[in-house]
Amino acid sequence: MEATKKIRVLQTIRQGKIGGGESHVLDLVHYLDKSLFEPVVLSFTDGPMITSLTQMGVPAHVIHTERAFDIGVWKKVKQFLKEQRMDIVHVHGTRANTNVLWAARSLGLPVIYTIHGWSFHDSLPTWNRKARIMAEKFITQHTRLNITVSDSNHQTGVKEFGRFKSTVVKNGVNLDKFNNNGTYPDIKAAYGIPAHHLVIGYIVRITEQKDPLGMLRAYAKVCANFPDLTLLMIGEGDLKADAVNLAEELGITDRVVFDNFRQDVPAVLKAVDIYCLPSLWEGFPIGVLEAMAMSKAVVASDVDGTREAVEHEVTGLLVPPKNEAALATALERLIQDRTLRTQLQENAGKCVKANFDVRDMTHKIETVYQQVLAPL
């Protein structure tokens, strides 16, 4: 009897650096049923994600470009798809989609597009926002199936495009990796943070979306009232230098530890007491889910996908975006109220285990693959 041919699925994403989308791809290819599916990954830049995939034994390839709609790479992508004999192309994020869609469609391959948060948002200039809406509308109408990572993102698509369909599959967390009962190195000691200090963790890309400067200004207000406190800012991005300079201007350099991205995020989270994400917008924030999985009290901005991950005063505290006074107040409340902090930590851990296991997410995506390939 002939063995069933495995379904070859290309996961493609814009960059090899580790962020929410890249973590999603790593977990997805790890947990896919290898008796049914054969994953291959294409990234448009090199980075730690490619190294991790190679260690996992998953074929990983790079066709370099840092531009959206880079016609110069379209033929290379088409040739790659032909050589790899792909059955399905699963694109993560707008930029990757703009460089894969033409090639996949010209070969008659079904394209699934996961929207990890829309590329248009209110802080953009009006002309730029409109152009991005038009681009996203075009892309989503030319894929076989769209996946949104939050109900909010689905509703935004309907509101902006009128005709928009998507399957909502919320992000999940690798609970084997993000396990609060695991054994981890002492990150506080490694950074020279006094053992008695409470640690606030900000572990994200240091970009406008994540409002790092607002984070520092809010923290400076809190610092003035609580001496035994350290802010751990882990990440890189175009506002990193500005953040370091602002900490100096605010006179809190000795109370902030800056470092670049680390691969051992669970160990870093173990050292954290309060996880903070003051984003201006989110798809469905994997960083928040990871912190909750590690039983951390979360303070996050009350924006689209985040409010679906965090229930206010049950699994975390939500504050209005770009509101430094509200952020400072929420942090002070958790610093002072140990009972509330402990309650939020316990509830957060239980919530993620019950609702956001990456295995459940993977099963839902496997079902989508099978539906897309099922004969009409």
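The values are calculated or read from the model by the stated rules, or taken from the named source; none is laboratory data. Nothing here was measured: the structure is a model prediction, and the numbers come from that model. Because the Cβ atoms are built from the backbone with ideal geometry, glycine has one as well, and the counts that use them run over all protein chains shown.
List of remarks:
- Remark: pairs (first residue in segment 8-34, within 20 Å of K170 (Cβ to Cβ) and assigned to a strand (DSSP E or B); second residue modelled with pLDDT of 95 or more and among the acidic types (D, E); Cβ separation under 6 Å; 6+ apart in sequence or on different chains) are absent.
- Within segment 297-322, restricting attention to residues that are in contact (Cβ under 8 Å) with a residue 40 or more places away in the chain and under 22 Å from K221 (Cα atoms), the residue that is surrounded by the fewest Cβ atoms within 10 Å (Cβ to Cβ) is K322.
- Within segment 1-28, being surrounded by fewer than 22 Cβ atoms within 10 Å (Cβ to Cβ) and over 20 Å from H64 (Cα atoms) holds for M1, E2, A3, T4, K5, K6, I7, R8, D27.
- Unique residue being of a type in the set (V, I, T), surrounded by fewer than 19 Cβ atoms within 10 Å (Cβ to Cβ), over 26 Å from V288 (Cα atoms) and touching a residue at least 12 places away in the same chain (Cβ under 8 Å) when the list is I133, I139: I133
- Residues of segment 169-205 satisfying the condition of being under 18 Å from L250 (Cα atoms) and among the hydrophobic types (A, V, I, L, M, F, W, C): I200
- Those residues of segment 35-51 which are of a type in the set (V, I, T) and not in a strand (DSSP E or B), in sequence order: T45, I50, T51
- Scan of segment 335-372 for residues that are among the acidic types (D, E) and farther than 15 Å from Y113 by Cα, ordered by number: D337, E346, D357, D360
- Within the span defined as segment 233-249, one or more residues are under 23 Å from the mean Cα position of the chain (by Cα) and under 16 Å from L331 (Cα atoms).
- Some residue of segment 294-309 being within 25 Å of P48 (Cα to Cα) and either out of contact with any strand residue (DSSP E or B) (no Cβ under 8 Å at 6 or more places or on another chain) or assigned by TED's automatic domain parsing to the domain that holds E208 (or both): yes
- Residue within segment 56-68 that is acidic (D, E), touching a residue at least 12 places away in the same chain (Cβ under 8 Å) and not in a strand (DSSP E or B) present: yes
- Residue within segment 325-343 that is crowded, with 21+ Cβ neighbours inside 10 Å, in contact with a strand residue (DSSP E or B) (Cβ under 6 Å, 6 or more places away or on another chain) and either not aliphatic (A, V, I, L, M) or not assigned by TED's automatic domain parsing to the domain that holds V204 (or both) present: no
- Test: residue in segment 196-207 that is in contact with a Gly (Cβ under 8 Å, 6 or more places away or on another chain), at pLDDT below 95 and among the charged types (D, E, K, R): yes
- L232 vs. criteria aliphatic (A, V, I, L, M), closer than 30 Å to F356 by Cβ and in contact (Cβ under 8 Å) with a residue 12 or more places away in the chain: yes
- Whether a residue is hydrophobic (A, V, I, L, M, F, W, C) and not in a strand (DSSP E or B) was assessed, and L280 passes this test.
Residue-wise test of (1) surrounded by 18 or more Cβ atoms within 10 Å (Cβ to Cβ); (2) within 13 Å of T143 (Cβ to Cβ); (3) modelled with pLDDT under 95.
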| residue | (1), (2), (3) |
| --- | --- |
| K75 | no, no, no |
| Q79 | no, no, no |
| E83 | no, no, no |
| H92 | yes, yes, no |
| R95 | yes, no, yes |
| S106 | no, no, no |
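- For segment 260-318, the candidate set comprises residues that are of a type in the set (K, R) and more than 23 Å from G157 (Cα to Cα); within that set, the residue that is nearest to the chain's Cα centre (by Cα) is R262.
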